Amino acid sequence: MKIRVETLDRGAVVIPEGRLDFGAAAGFPAELERAIAQAGGAAVLVDCAALDYVSSAGLRALLVAVKAAQRVRCSFALYALRPAVREVFDLSGFGKIIAVFPDRATALGAAAPTPP
Amino acid sequence: MTEARTVVAADAGQLAVLTAFVQEFWRTQGLPQQAALPFELALEEAFINVVTHGTADATTAVVAVVLRRAGADLTLVVADDGPAFDPLTLPPPDLSASVEARPVGGLGVYLIRQMMDAVSYRRVDGRNELTMVKRFTG
């Protein structure tokens with residue numbers, strides 16, 4: 001699975017491409033945690049538009065990343081999930097523990113720090 | 001009735017071979033592409049369970065996978081020659097747990113049950129057999 005990372009003003013967007021299956025999941029947490037470290041406590045988003053497939057191994061990798069992000073108070077969210085991937089997400093209850101948005105704009109809007 | 005079968009080593013690295021096997025069956029059978037994902041997912045979860053749990057004493061050598069189409073039913077069988085291991089006895093995940101409380105795991109069998117209409121296990125002739133059936137309604 002190919003993974004690109006785009007740096008933003010306030011964080012990073014991780015862009016996986018292909019299938020997040022058992023094999024791809026092995027290296028995914030390290031990529032996510034690197035992006036979380038680089039984002040410096042801002043926001044890490046995962047752009048799922050090119051994510052064809054996710055299995056329980058992929059969900060586990062995302063869970064590891066959520067916990068890592070929470071530890072450093074970095075916000076973490078996914079956006080643009082494909083319907084089939086969204087279904088697996090919802091079935092496993094992950095929609096309750098990982099924020100999901102329709103697109104980058106709403107995801108970034110939600111990650112913006114609230115004004116005082 | 002159409003049937004396809006493949007045999008792979010009980011090694012996680014063989015997952016790509018099994019994914020290609022499902023996709024080839026789908027292509028030759030002219031089945032709708034979006035209907036493949038539940039089978040690919042069920043196959044991965046079943047196969048990885050065997051590789052992860054069933055090889056405790058490293059005697060599991062091979063995993064046989066069968067896809068069978070009969071009428072509106074599509075059957076997936078994952079069989080291995082390892083020690084007796086029934087994945088359906090694995091504890092279910094706690095889907096309501098918070099991030100902190102949630103253990104990392106337990107989802108595989110649950111997803112198989114969600115994706116398939118019927119799931120059953122039997123031990124026969126020194127093999128574990130997990131049979132999963134899904135009926136196509138259109």
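The values are calculated or read from the model by the stated rules, or taken from the named source; none is laboratory data. Predicted, not measured: the structure shown is a model, and the values here were computed from it. No Cβ is skipped: glycine too gets one built from the backbone with ideal geometry, and neighbour counts run over all protein chains shown. These area figures cover heavy atoms from the full protein model, side chains too; ligands, DNA and RNA do not enter into them. Shrake-Rupley method; radii C 1.70, N 1.55, O 1.52, S 1.80 Å.
Points to keep in mind about this one:
- List of segment A:35-65 residues, accessible area with partners at least 30 Å² below that of the chain alone (1.4 Å probe): A:Y53, A:S56, A:R60, A:L63
- At a probe radius of 1.4 angstrom, the accessible area of the protein assembly as shown per residue rounds to 46 square angstrom.
- Between B:D11 and A:E6, the simple spin-label model (points 7 angstrom out along Cα→Cβ) gives 3.9 nm.
- As an equivalent ellipsoid, chain B spans semi-axes of 24, 20, 14 angstrom, where each value is the square root of five times an eigenvalue of the C-alpha gyration tensor, largest first.
- Residues B:Q23 and A:E17, FRET efficiency given R0 of 25 Å [Cβ-Cβ distance, rounded to 0.05]: 0.90
- A cut-off under 13 angstrom between Cβ atoms defines the neighbours of B:L41, and their net charge, with Lys, Arg +1 and Asp, Glu -1, is -3.
- Solvent-accessible area of B:R122 with every protein chain in place, 1.4 Å probe, in Å² to the nearest 10: 130
- Heavy-atom accessible area for A:C74, with the other protein chains in place and a 1.4 Å probe, reaches approximately 10 Å².
- Accessible heavy-atom area order of B:S96, A:S92, highest first, probe of 1.4 Å: B:S96, A:S92
- Rounded to the nearest 10 Å², the accessible area of A:R10 at probe 1.4 Å: 110
- Heavy-atom surface analysis with a 1.4 Å probe gives the protein assembly as shown a carbon and sulfur content of 53 percent of its accessible area.
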